[in-house]
1. For VAL38, what is the net charge nearby, where nearby means another residue's Cβ is under 11 Å from its Cβ and Lys, Arg count +1, Asp, Glu -1?
2. Using a 1.4 Å probe, how large is the accessible area of THR105, given in Å² and rounded to the nearest 10?
Amino acid sequence: MLLHEILTSPAFDASAAVGLYLDFDQYYNNIGADSAIVEVFDGTSWVEVLNQTADAGTGFANPDHQHIDITAYKNAAMQVRFTYDDGNAWAWYWMIDNVSVYNSTCNNPSGLDATVTITTADLELVSRWFRIFMGSD
């Protein structure tokens, strides 16, 4: 084994969560034998919620954003674990950033109807990210 790295969060109480989500940005460069795995601790054992074996994120300007519903695994000793294994192949890398676990107390709206007409869009560069302002004339 050449490289087997594990990043584990501290335990946190998520037992009262209504809608528990894990978000993060990533760049993963796969060479074939390596893997990038995300797991959560459900109070008894580790449960895999994402297993990647293909590139994610295109260049360092375009990270891949992950949004994973982990509500089913909520408990009083919740943890999140990221595991990178190079498959004994001197593989590339997995970079993660902006990790967030949060309780969404507001469900997504449903049954909404709208008609939107956009005739202009302005772009603003904000700390390496583009913010889009859309409007109509």
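The values are calculated or read from the model by the stated rules, or taken from the named source; none is laboratory data. Computed from a predicted model, the values in this text were never measured in an experiment. Positions of Cβ are generated from backbone atoms using ideal geometry, with glycine treated the same way; all protein chains shown enter the neighbour counts. The area values use the complete protein model at the heavy-atom level, side chains included, leaving out ligands, DNA and RNA. Shrake-Rupley method; radii C 1.70, N 1.55, O 1.52, S 1.80 Å.
1. Net of charged neighbours comes to -1.
2. Rounded to the nearest 10, that gives 110 Å².
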